[in-house]
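Data block below; observations after.
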Amino acid sequence: MFLPSFFKEPFYFKTLLIGSALALLAGCQTLTPDTELRGTGDLGVVVERATGSLLIVDTSERAILRRIEGLGDLSHASVKFTRDARYAFVFGRDGGLTKVDILTGEIIERVIQSGNSIGGAISQDGDYVAVANYEPGGVKIFESTDLGLVADIPATYRTPKGSTERSKTVGLVDVPGNDFVFSLFDAGEIWTLDMTDDQPDITRFENIGEKPYDALISPNGRYYIAGLFGEDGLAMLDLWHPEQGVERILPNYGRGEKRLPVYKMPHLEGWALAGDQAYFPAVGRHEVLVADTTDWTLDKRIPVQGQPVFVMSRPDQRQVWVSFAHPKNDVVQVIDTRSKEVVKTLAAGDSILHMEFTPRGEHIWISARDSDHIKVYDTDTFEELATLPAESPSGIFFTDRAHRIGL
């Protein structure tokens with residue numbers, strides 16, 4: 001076979017290599033922000049509650065990347081992430097469950113699964129999404145891939161009059177073993193839900209206290225602790241020893257004191273555990289309670305400027321940050337866990353609703369609903385690093401939650 005001389009020379013192969021390289025470069029130049037390859041480890045979302053939208057944010061650049069609209073009623077929305085931290089599940093107050101691609105900004109699936117929902121969780125293996133519902137009371141389980149319904153579990157209980165009712169479900173968290181745990185607000189119960197064999201297996205713990213309103217799970221997945229709105233104290237279930245039942249901890253912490261009107265229910269899911277101590281918001285009081293986790297007794301009450309809503313520990317556990325209910329909800333306070341005293345007060349905006357630490361805790365993002373902005377602070381120097389515009393922002397959720405129990 002005859003070949004021209006230039007095919008026989010190294011020049012031909014060099015030309016092919018150069019051409020291939022130029023083609024690759026041309027391909028790279030055509031990439032858009034929506035198709036650019038990147039990880040999700042420094043991404044997160046901010047809920048814009050008034051507009052039913054979601055902001056995708058970059059925590060490294062402290063920047064807003066895009067807005068996703070059409071997510072329904074987000075007045076009390078929460079977010080969970082898939083194991084690969086690419087997809088976010090948004091739980092809306094209108095019963096909407098939406099799966100969002102945070103890299104492309106697309107809504108992948110959306111279902112209206114109830115009349116009123118209050119949060120959700122992802123199973124340990126990532127296969128299931130569980131949703132806690134107010135109306136009708138109960139928990140629904142969905143496939144994480146396509147949001148196909150797997151199980152519908154009504155939260156039924158028997159009233160003192162003998163009738164069967166359905167209770168609002170709250171404090172839903174994931175725990176190791178492909179289990180979920182949640183509380184029944186109206187019934188005063190805690191239920192564990194085992195999804196190991198694809199069939200729901202329920203264990204009920206009754207008479208745990210009056211009106212459990214929210215709950216947390218310890219970072220190691222051992223202790224499930226429900227706050228009680230109807231009485232002082234908390235209810236704790238040791239999941240390593242469930243046969244011991246539910247233990248009441250910090251009972252009567254407000255005995256002899258008049259409880260103030262509660263303008264906003266405290267939140268427990270952003271747990272604050274620091275060393276061998278746990279920090280809890282006191283319902284109806286201007287205090288943060290500190291418990292010794294070796295025996296769960298009250299160690300100290302820390303006075304704060306208002307009724308605490310979120311009490312959150314920095315990842316290194318050297319600080320606890322506190323936000324507050326109306327009317328003193330325009331500041332956050334910082335507690336030093338060594339001295340157990342408030343060491344800083346920051347005016348971050350009007351109607352502060354949520355805080356979120358970057359994965360290693362060097363920064364904190366704070367949403368101020370009525371100021372229409374998000375503030376970013378250095379947690380060491382307390383320097384303000386950025387102010388980002390947002391429409392009535394509330395919940396802030398970073399993708400490192402995908403790899404943490406109960407968050």
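The values are calculated or read from the model by the stated rules, or taken from the named source; none is laboratory data. The structure presented is a predicted model; accordingly, all values stated were derived computationally and were not measured. As a convention, Cβ positions derive from the backbone with ideal geometry for all residues, glycine included, and neighbour counts pool all protein chains shown. Note: areas computed on protein heavy atoms with side chains; ligands, DNA, RNA excluded. Shrake-Rupley method; radii C 1.70, N 1.55, O 1.52, S 1.80 Å.
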Notebook entry, point to check: Once label points are set 7 Å from the Cα along Cα→Cβ at both Thr297 and Glu231, what is their separation, rounded to one decimal in nm?
Noted result: 2.1 nm
Note to self: Please compare each pair in Lys80/Lys344; Lys340/Lys375; Lys99/Lys140; Lys140/Lys168; Lys300/Lys340 to a cut-off of 19 Å on the Cα-Cα distance and tell me which ones are over it.
What the structure shows: Lys80/Lys344; Lys340/Lys375
Next item on the list: Springs between alpha-carbon atoms under 10 Å, Gaussian network over the chain: tell me which of Thr294, Thr169, Thr358 tops the mean-square fluctuations.
Entry: Thr294
Check: In percent, how large is the relative contact order of region 266-407, given Cα pairs closer than 8 Å and 6 or more residues apart?
Finding: 14 percent
Notebook entry, point to check: 222 nm [θ] for the chain, helices only, -39500 (n - 2.57) per DSSP H run of 4+, per residue, to 500?
Noted result: -2000 deg cm²/dmol
Check: When the chain is modelled as a GNM with alpha-carbon springs shorter than 10 Å, which of Lys300, Lys168, Lys140 fluctuates the most?
Finding: Lys300
Margin query: Can you compute 3J(HN,Hα) from phi for each residue in region 217-230, using the Karplus curve 6.51 cos²θ - 1.76 cosθ + 1.60 with θ = phi - 60°, rounded to whole Hz and x for Gly and Pro?
Written below: 10, 5, x, 8, x, 8, 9, 9, 10, 9, x, 10, 7, x
Next item on the list: Summarise the accessible area of region 266-407 (1.4 Å probe, protein heavy atoms) by the percent that is carbon and sulfur.
Entry: 44 percent
Notebook entry, point to check: Roughly how many Å² is the accessible area per residue of the chain, as a whole number, for a 1.4 Å probe?
Noted result: 44 Å²
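How would region 36-143 be classified by its alpha-carbon gyration tensor: rounded, prolate or oblate, with rounded meaning a/c under 1.5 and the a/b versus b/c comparison settling the rest?
Numbers: a/c = 2.26, a/b = 1.45, b/c = 1.56.
Because a/c hits 1.5 or more and a/b fails to exceed b/c, region 36-143 counts as oblate.
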Notebook entry, point to check: Quick one: if you stick a label point 7 Å off each Cα along the C-beta vector at Asp84 and Glu69, how many nm between them?
Noted result: 2.9 nm
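Below 13 angstrom from the Cβ of Gly137, what's the summed charge of the other residues (Lys, Arg +1; Asp, Glu -1)?
-2
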Notebook entry, point to check: What list of ³J(HN,Hα) couplings, whole Hz, do you get for region 334-340 from phi and the Karplus terms 6.51, -1.76, 1.60, once you set θ to phi - 60° and write x for glycine and proline?
Noted result: 10, 9, 7, 6, 7, 8, 6
Note to self: Angle check, please: helix 10-29 long axis (alpha carbons) against the longest principal axis of the chain (alpha carbons), in degrees 0 to 90, nearest 10.
What the structure shows: 30 degrees
Margin query: Under 8 Å for C-alpha pairs, at least 6 residues apart: give me the relative contact order for region 103-185, rounded to a whole percent.
Written below: 25 percent
Margin query: If packing is taken as the average number of other Cβ atoms within 10 Å across a peptide's residues, how do 113-121, 371-379, 182-190 rank, most packed first?
Written below: 182-190, 113-121, 371-379
Checklist line | Partner aspartates and glutamates for Lys211 [C-alpha distance under 13 Å; skip if fewer than 8 residues away on the same chain] | finding: Asp186, Glu189, Glu231, Asp232
Notebook entry, point to check: Can you list residues whose amide H is under 5 Å from Ser144's amide H, if they're 5+ apart or on another chain and H is modeled 1.01 Å from N?
Noted result: Tyr128, Val129
Margin query: Tell me the accessible surface of Val111 in square angstrom (1.4 angstrom probe, heavy atoms of protein chains only), to the nearest ten.
Written below: 40 Å²
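Summing Lys, Arg as +1 and Asp, Glu as -1, what charge do residues with Cβ under 12 Å from the Cβ of Ile364 carry, Ile364 excluded? Numbers along the way, then the final one.
Numbers: positive: Arg62, Arg314, Lys344, Arg360, Lys375; negative: Glu356, Glu362, Asp378, Asp380, Glu383, Glu384.
The answer is -1.
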Notebook entry, point to check: From the list (1) 23.2, 75; (2) 24.3, 104; (3) 21.6, 68, can you say which value of Rg and Dmax of the Cα atoms in Å was derived from the structure given?
Noted result: (2)
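So what is the relative contact order of the chain, in percent, for Cα pairs below 8 Å that sit 6 or more residues apart? The partial results should precede the final answer.
On the way: 1067 pairs, mean separation 42.3, N = 407.
Relative CO of the chain lands at 10 percent.
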Notebook entry, point to check: Gln113's amide H: which non-local residues (gap 5+, or another chain) put their own amide H closer than 5 Å, with H modeled 1.01 Å from N in plane and none for Pro or chain starts?
Noted result: Gly96, Leu97
Checklist line | Global form of region 188-230, assessed from the alpha-carbon gyration tensor, a/c cut-off 1.5 | finding: oblate
Note to self: Among Ala155, Leu172, Thr196, whose Cα projects farthest towards the positive end of the dipole of region 142-211, with charges put on the beta-carbon of Lys, Arg (+1) and Asp, Glu (-1)?
What the structure shows: Ala155
Notebook entry, point to check: Looking only at Glu36, Glu210, Glu106, which one moves most when the chain is put into a Gaussian network model with springs between Cα atoms under 10 Å?
Noted result: Glu36
Item checked: Prolate/oblate/rounded label for region 114-240 (Cα gyration tensor, a/c 1.5) -> oblate
Checklist line | Gain on full stretching of the segment that runs from Arg360 to Arg62 - 0.36 nm per residue minus C-alpha separation | finding: 105.8 nm
Checklist line | Backbone HN-Hα couplings from phi across region 178-190 [Karplus 6.51/-1.76/1.60, Hz, Gly and Pro as x] | finding: 6, 10, 10, 9, 8, 10, 9, 4, 6, 8, x, 9, 10
